[in-house]
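Enquirer: Provided herewith is a single structure, encoded as structure tokens, for subsequent inquiry.
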Amino acid sequence: MGGAMLSSIVAVLLVVAGGASTAASSCPATPPDTGATLQVSHAFGPCSPLGPSAGAPSWAGFLADQSARDASRLLYLDSLAVRGRAYAPIASGRQLLQTPTYVVRARLGTPPQPLLLAVDTSNDAAWIPCSGCTGCPTSASPFNPSASSSFRPVPCGSPLCTQAPNPTPCSANSKGPCGFSLTYADSSLQAALSQDALAVATDVVKGYTFGCLQRATGTAAPPQGLLGLGRGPLSFLAQTKDTYQSTFSYCLPSFKSLNFSGTLRLGRTGQPQRIKTTPLLANPHRSSLYYVNMTGVRVGKTVVPIPPSALAFDPATGAGTVLDSGTMFTRLVAPAYAAVRDEVRRRVRGAHAVSSLGGFDTCFNVTVRWPVVTLLFDGAQVTLPEENVVIRSTYGSTSCLAMAAAPDGVNTVLNVIASMQQQNHRVLFDVPNGRVGFARERCTAA
């Protein structure tokens with residue numbers, strides 16, 4: 001396969017809600033996929049391909065909703081880190097409840113059927129809502145297995161089947177499909193482990209393994225499929241390692257933009273040569289999470305007094321820091337967040353914090369000069385300009401620190417560096433060489 005195909009470039013089109021005033025009629029037409037380019041849309045914006053229901057009713061409402069989603073996702077990531085298990089190719093109930101930030105258009109089957117896949121760096125899961133699924137959301141077009149000549153069910157009792165959660169017991173000498181079921185809260189899901197050809201940009205992954213959802217009750221059914229970019233043995237990276245060498249990078253544009261684009265690059269070709277890197281850390285309980293060693297946070301010129309235990313990596317407990325594309329706003333364990341928040345408030349002199357906006361507790365309703373925040377890692381530091389640190393109300397009258405602590409009453413051990421803090425940076429995930437890299441890159445077009 002040629003170098004260009006080893007470095008497929010996925011264009012990112014981010015369409016997050018900036019307020020209820022954006023009408024569906026003003027949404028730009030989605031450009032067609034061309035060459036090695038796929039279009040990516042934000043799952044919750046007014047121009048979301050999942051439909052109007054995916055958008056927030058107002059900017060404050062969107063912030064509150066997203067803060068709740070982030071809190072839920074933090075619990076999910078924390079549970080993976082602490083109570084991880086061997087990789088399962090089908091998502092658990094918690095995984096299915098997560099709401100991804102970015103969705104990419106891809107094609108599945110022969111002839112190819114268009115579908116949406118969520119881009120998620122902390123997930124290995126591979127699942128697709130299939131036609132005939134009872135109770136699945138109707139906001140995304142399902143995959144029709146009967147229309148694909150390359151579709152193959154995974155046999156019951158096969159090695160892949162044994163890795164699925166709650167697999168349906170196989171009868172003696174059974175050659176039927178591998179079924180599984182999941183329950184979570186009021187939700188029940190049933191699916192079949194399957195394989196088919198997945199087209200990503202100009203490349204085709206033959207025999208891509210995924211769960212074909214067949215039945216859903218409750219609220220946990222996902223509206224679209226998932227492109228898991230974690231490090232598990234049956235993640236997208238593992239299934240394409242001969243093509244992309246378990247290497248990718250992305251640059252995410254401003255999340256309030258309707259029309260600006262960034263890139264997701266798959267493979268070694270085209271990756272930045274001059275980039276600050278920090279080692280990837282391994283957690284045997286959840287090998288897919290991208291752990292890094294964050295050693296501190298600097299606000300202005302002051303390294304804030306965070307207890308070392310709040311940042312320390314501990315595989316036994318799952319404590320540490322991960323990079324995650326599915327969380328929108330960075331979440332820090334309580335002592336770390338308190339240290340950052342207090343120093344920010346101290347530096348914003350002459351202004352008093354106002355009531356929270358959408359779950360953020362350090363907000364000001366007057367014009368203030370926000371300090372620069374720098375994340376310190378082992379061997380690298382990432383300086384975040386104001387656009388990566390501050391979230392503003394619809395009309396810009398209120399501005400808030402775009403970070404938060406773990407939800408009240410939850411003893412989480414995980415710090416999550418989220419997508420807003422990664423925006424307009426080239427973030428490189430080089431799994432074979434065990435490193436993550438950061439380079440400032442203005443991918444939000446002027």
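The values are calculated or read from the model by the stated rules, or taken from the named source; none is laboratory data. Treat the numbers as computed from the prediction; the structure is a model and nothing was measured. Note: ideal-geometry Cβ built from the backbone for every residue, glycine included; neighbour counts use all protein chains shown. These accessible areas exclude ligands, DNA and RNA; they are computed on the full protein's heavy atoms, side chains included. Shrake-Rupley method; radii C 1.70, N 1.55, O 1.52, S 1.80 Å.
Enquirer: For the range 272-285, enumerate the residues that are in a loop (DSSP other than H, G, I, E, B), of a type outside the set (Gly, Ala, Ser) and open to solvent by 20 Å² or more (accessible area, probe 1.4 Å).
Expert: The answer is Pro272, Gln273, Arg274, Ile275, Leu280, Pro284, His285.
Enquirer: Related question: Just the residues that are open to solvent by 30 Å² or more (accessible area, probe 1.4 Å) and either under 30 Å from Ser356 (Cβ atoms) or modelled with pLDDT under 90 (or both), please, taken from the range 408-439. Give the steps one after another, and end with the answer.
Expert: Looking only at the range 408-439, we keep the residues that are open to solvent by 30 Å² or more (accessible area, probe 1.4 Å), and these are 408-411, 413, 431-433, 435.
Those that are open to solvent by 30 Å² or more (accessible area, probe 1.4 Å) and either under 30 Å from Ser356 (Cβ atoms) or modelled with pLDDT under 90 (or both): Asp408, Gly409, Val410, Asn411, Val413.
Enquirer: Same structure again: Residue by residue through the range 377-407, note down the ones that are over 30 Å from Asp314 (Cβ atoms) and either open to solvent by 10 Å² or more (accessible area, probe 1.4 Å) or modelled with pLDDT of 95 or more (or both).
Expert: Residues satisfying the conditions are Pro385, Glu386, Glu387, Val390, Arg392, Ser393, Thr394, Tyr395, Gly396, Ser397, Thr398.
Enquirer: Across the range 286-310, which residue is nearest to Val436 (Cα to Cα) among those that are open to solvent by less than 60 Å² (accessible area, probe 1.4 Å), in a strand (DSSP E or B) and β-branched (Val, Ile, Thr)? Break it down stepwise before answering.
Expert: If we filter the range 286-310 for residues that are open to solvent by less than 60 Å² (accessible area, probe 1.4 Å), which is where we start, we get 286, 288-294, 296-300, 302, 304, 306-307, 310.
So of that shortlist, the ones also in a strand (DSSP E or B) come out as 290-292, 294, 296-299, 302.
With the extra rule that they be β-branched (Val, Ile, Thr), the set shrinks to 292, 297, 299, 302.
Working: Val292: 8, Val297: 18, Val299: 23, Thr302: 25 Å.
The qualifying residue nearest to Val436 (Cα to Cα) is Val292.
Enquirer: Hey, another quick one. For the range 311-326: of the residues being outside any strand (DSSP E or B) and touching a residue at least 40 places away in the same chain (Cβ under 8 Å), which is most open to solvent (accessible area, probe 1.4 Å)?
Expert: Selected residue: Thr317.
Enquirer: Where the second residue is open to solvent by less than 70 Å² (accessible area, probe 1.4 Å) and charged (D, E, K, R) and the first is assigned to a loop (DSSP other than H, G, I, E, B) and lies in the range 139-168, which pairs have Cβ atoms under 7 Å and are six or more apart or on separate chains?
Expert: Every condition considered, the pairs that remain are Ser148/Asp196; Ser150/Asp196; Phe151/Asp196.
Enquirer: So, one more: Filter the range 204-227 down to residues that are closer than 17 Å to Arg105 by Cα and at pLDDT 85 or above and give me whichever is surrounded by the fewest Cβ atoms within 10 Å (Cβ to Cβ). Please lay out each step first, then the result.
Expert: Quick first cut of the range 204-227, residues closer than 17 Å to Arg105 by Cα only: 204-205, 208, 210, 222-227.
Subsequent filtering for residues that are at pLDDT 85 or above retains 204-205, 208, 210.
Numbers: Val204: 16, Val205: 18, Tyr208: 22, Phe210: 30.
Once the filter is applied, the top-ranked residue is Val204.
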